[in-house]
Structures are given as C-alpha cells and as structure tokens.
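Heads up, the thing below is written out as structure tokens.
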Amino acid sequence: MATGIQVFSTPEQRRGIVLGQILAHAMPKECLSKVGEHYEMPTNQGDTIKMRQYLPYGATVTNPNQFFAHGTGDRGNALAQAHMTQEGVTPPPDSLDKRDVTVVLNQFDILYGHTDKTALLYEDDIPKHQKKQVGERMTLVREMVRYGATRASTNQFYGGSGSSRGTVAGPITLGLLRSMKRALRADHAEPVNSILQSSVKFGTVSVDEAYNVYGHTSLEADLSNLPGWKWVRDYGDISKALPGEVGSCEGFRFILRPEFVPYEDAGAAIGSTGCVSTTGTLIDVYPLIVTGENSWGDVSLRGNSFDYTNIAVGTKSSADPFGQRGYVGAIWWDAAVVTNNGWIAICNVGISTLSA
C-alpha cells in the first residue's frame, strides 16, 4: 500500500454468521441546552462579544443586584431620606453605572470517515450510522459546553459544612437548599417555573414556583430523602414536567442526567462521612446547578450556527481523484456564559453510599 494514504478503521464484518439487529446504544439528551438565554453574534465582527448591563441605583459591579449599600443601621430609611427634595434646590444629577460581560466564541467539530469499499461492500449502512452519531455527539458536546460554563459560577455552596470543593464532606441537605434560596432571593433572582396546581386525581400535589436544578442521576437517592420531597409522578399535571425531571422540594425542581458528571476524588477525606469515593480516599463532588431566570445564556454565530458535511464516496477531487473516501461531520461556533452570578448557584455535595 502506498504511504501517506488515509486509512479508516471499519468494524469487522459479521459474514459467516447470522446477522442480528443493530443494538441500541446510550444516547445523550439535551437539558441545559434547551434553556438559558440565546444570544447571536454578527459575522465578520471578531470572536469576542461584550454584553452590557446597566445597574439599578445603589448597585455596583461587585453587587449588581443590590439596591442598598451594605453597612449598619436602617438602610432602607437611609435610601428614602437620601431622595428627599429640598425646596428650591436642584439635586446633583446621577450617572448610569454599567457592567460588561465578555464572551469568546470557540469552534467545535466532529468528523467521521469511510471508504468506497465500506460504502459499497460492507453489510451495514456505515454512512447512515455515522450521521446518527454526529447528531448525538453534537448534543453531548453542546451540553458539556453549557455544563462547564454554568458550574464555574462564582456563587458556590458546599455540603458538609465545607468552604471549598476540597472540603466538601456531606450530601445535600434541606438546610443547604434553604441557604441557597435565601441568597438567590436576596439577589432578586426570579424562579423560572410558575406554580403547578394539584389536580382532582387522588394523591397529586401542587408544586411551588421554582428554580431549575441540574445534576447527576446518582443524586436521586439523597434528594428523595429530603423532607418534603415530591416525586414528579405525583404532580397534578405531569405533562408540565421538564425533560429529565425527577421531583421537587421547597421551590427547587430537579433535572438529573448521567452526563452531568462529578469531580472525582475532589472533596474531603472520606473518613466516616458515608459518601462515595472513586478511589476510596477522597469524596467525589457532585455539582448541582441552580438556575434563576436570565442567569446564563449561550452564544452562536448568526446565520452560521451549524455547518454539516456529507461527502459521499464517488465525489472526485484533486485530493481524492477516484472518490474513494467519504466523510460525515459538522462544525460550529459556540459559547456559554453566566451573565449574572447572583441569579445562579452551584451546590457542591457528596452522595451517600447505598446499602444492600
């Protein structure tokens, strides 16, 4: 065989035995990619977009959601008195304060290849399966871009009285949920879901207006042990459940997927915590992403979000004069960004070991 020729790896054939069906395989699903704000960046304007927020009176770049300066005493009364007008006196004008959020777009690609021999002689339709895999990989990559951006928010909370990821020493608790809700509400974070009423069906429950929470499926056991936990099957209108939603508790609705992987061996020493560890030394830390309205978004390139490639074998060019190679793939520009850290919270916890 001549050197320098691209070689593709094709699965071995099954000739000589009975050909069974193509088995199902694990597939990612979009959860985060379906929510959040969607922004578009114009073409031919560079790879960086800067979004701007004008701050309400009293807010600062450090505390963009606070109307009152932190200090002692009656801050609300102080604000009111500061706005009292003196007869015949023109007050000095105020200026608008602003906060900028910068996002850099990145390019992502997926590419599969096959030969004319595979396309013409192989018993399975390899190009067809490659197309399917391209779509599924795009889903996973996009979801991980959003997962990585949101869990990097600066508004972090830690289980087991921890103060950092490396000191996480316990699973999710009701107290931890309430601490996050207190902080989110103090920063004017609005829930993203309205109240779900119970129905006339026996045993159904109503669900408070709620923040969405995204996490790994392994968190389900600890979540179900929370006081006041409600399974999604008991909602009054189950058609209003979110994709991947398993239940709710005190104003939080939980969406769990195995793609939202933990930080392995990243917490405190396992000791007697009763938490899971990959190696048996340090606790695995599972982030729960709590989102309020308008807390984060993703950015795509206007008019050029996805560019799909489907070059069939037999397509001749100077690089492939006999059309011996085919390709299936996609390339796109993408980014995700937290636009308001006060309206999103990351809860870092361990998960309890399960007894038989």
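Suppose we filter Gly148, Gly58, Gly76 for residues that are modelled with pLDDT of 90 or more and either outside any helix (DSSP H, G or I) or more than 30 Å from Asp320 (Cβ to Cβ) (or both); which single one remains?
None of the others qualify; the one that does is Gly148.
Do any residues in segment 37-49 that are farther than 10 Å from Ala335 by Cα and in contact (Cβ under 8 Å) with a residue 12 or more places away in the chain have Cβ atoms under 9 Å from those of residues that are charged (D, E, K, R) and assigned to a loop (DSSP other than H, G, I, E, B), where the two are at least six apart or on different chains, and which pairs are they?
Going by the 9 Å Cβ cut-off, the qualifying pairs are Glu40/Arg302; Met41/Asp47; Met41/Arg302; Pro42/Arg302; Thr43/Arg302.
Assuming Ser179 fulfils every condition listed in (1) open to solvent by 40 Å² or more (accessible area, probe 1.4 Å); (2) at pLDDT 95 or above; (3) more than 13 Å from Phe252 (Cβ to Cβ) apart from one, which condition is it?
(3)
Suppose we keep only residues that are charged (D, E, K, R) and either part of a helix (DSSP H, G or I) or under 23 Å from Asp307 (Cα atoms) (or both) within segment 102-124. Which one would you say is least open to solvent (accessible area, probe 1.4 Å)?
Asp116
Would you check which residues across segment 231-272 are among the charged types (D, E, K, R) and in a strand (DSSP E or B) and list them?
Matches in segment 231-272: Glu245, Arg253.
Is at least one residue of segment 156-166 crowded, with 20+ Cβ neighbours inside 10 Å, in contact with an Asp or Glu (Cβ under 9 Å, 6 or more places away or on another chain) and at pLDDT 95 or above?
No, the conditions are met nowhere in segment 156-166.
Collect the residues in segment 272-302 that are of a type in the set (Gly, Ala, Ser) and without any contact (Cβ under 8 Å) to a residue 24 or more places away in the chain, keeping them in residue-number order.
Ser272, Ser277, Gly280
Suppose we filter segment 244-267 for residues that are of a type in the set (A, V, I, L, M), open to solvent by less than 20 Å² (accessible area, probe 1.4 Å) and over 18 Å from the mean Cα position of the chain (by Cα); how many remain?
Matching residues across segment 244-267 total 0.
Of (1) free of Cβ contacts under 8 Å to residues at least 60 places away in the same chain; (2) open to solvent by 50 Å² or more (accessible area, probe 1.4 Å); (3) not in a loop (DSSP other than H, G, I, E, B), Arg99 satisfies all except one. Which?
Status for Arg99: all satisfied but (2).
Considering segment 202-243 alone, what residues qualify as being open to solvent by 40 Å² or more (accessible area, probe 1.4 Å), within 23 Å of the chain's Cα centre (by Cα), farther than 22 Å from Ala345 by Cα and modelled with pLDDT of 85 or more?
Once the filter is applied, which keeps residues that are open to solvent by 40 Å² or more (accessible area, probe 1.4 Å), within 23 Å of the chain's Cα centre (by Cα), farther than 22 Å from Ala345 by Cα and modelled with pLDDT of 85 or more, segment 202-243 yields only Trp231.
Out of segment 278-312, which residues are more than 30 Å from Arg52 (Cα to Cα) and surrounded by fewer than 20 Cβ atoms within 10 Å (Cβ to Cβ)?
Hits for segment 278-312 are Thr278, Thr279, Gly280, Thr281, Tyr308, Thr309, Asn310, Ile311, Ala312.
What strands (runs of 3 or more DSSP E) completely inside segment 280-356 contain at least 1 residues that are of a type in the set (S, T, N, Q)?
By residue number, 286-291, 296-301, 306-311, 344-349.
Restricting to segment 182-201, what's the tally of residues that are modelled with pLDDT under 80 and in contact with a Gly (Cβ under 9 Å, 6 or more places away or on another chain)?
6
The values are calculated or read from the model by the stated rules, or taken from the named source; none is laboratory data. Remember, it's a predicted structure, so these values are computed and weren't measured experimentally. We place every Cβ from the backbone using ideal geometry, glycine too, and count neighbours over all the protein chains shown. Note: areas computed on protein heavy atoms with side chains; ligands, DNA, RNA excluded. Shrake-Rupley method; radii C 1.70, N 1.55, O 1.52, S 1.80 Å.
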